[in-house]
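Each remark here refers to the structure printed beneath this line.
The values are calculated or read from the model by the stated rules, or taken from the named source; none is laboratory data. Keep in mind that this is a model prediction, so the values were computed, not measured. Backbone-built Cβ (ideal geometry, glycine too); neighbour counts: all protein chains shown.
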Amino acid sequence: MRQLFKRFSWLAAGLLFLCTACLSNKDYSEEEVKVLMSQELNRRLLEYRKVKIKACYEEAFQAATHIADSLLIEQAYFERDTLSRPPKPIKPTEGIPDIKGPDTIALKPLFEGKKKKIKMDTLGKKNKGVQ
């Protein structure tokens with residue numbers, strides 16, 4: 001804001017200097033010089049207002065975009081699927097029967113007999129079984 005005001009004041013001062021330096025009292029009267037200066041000043045003020053209004057619109061647009069994004073994020077957060085895993089069923093503590101009978105079988109190896117050695121090539125050793 002300050003920079004824009006400084007630029008505007010320097011511009012107005014320069015314009016005033018140019019108007020008074022270029023115009024001679026012989027060509028224009030003092031009233032005509034004042035009218036020309038006020039017209040140029042009004043033109044510069046309108047230009048300054050346009051720039052300020054555009055900056056205000058852009059700032060408002062940025063703020064509105066931020067608010068809209070925040071609202072969309074909140075809406076997505078509340079619409080997400082809130083179902084979670086169901087709780088584990090409660091394990092019964094009483095009434096579990098002890099099962100004994102022909103269904104219980106002792107464990108034994110699946111394959112019986114001699115175990116075959118498998119030759120493997122490790123660290124570059126030459127073995128006859130692996131190529």
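Please work out if Y77 is more than 30 Å from Q3 (Cβ to Cβ), modelled with pLDDT of 75 or more and hydroxyl-bearing (S, T, Y).
Details: more than 30 Å from Q3 (Cβ to Cβ): yes; modelled with pLDDT of 75 or more: yes; hydroxyl-bearing (S, T, Y): yes.
The answer is yes for Y77.
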Would the stretch 83-100 turn up any residue that is exposed (fewer than 10 other Cβ atoms within 10 Å of the Cβ), of a type in the set (G, A, S) and more than 30 Å from L15 (Cβ to Cβ)? yes
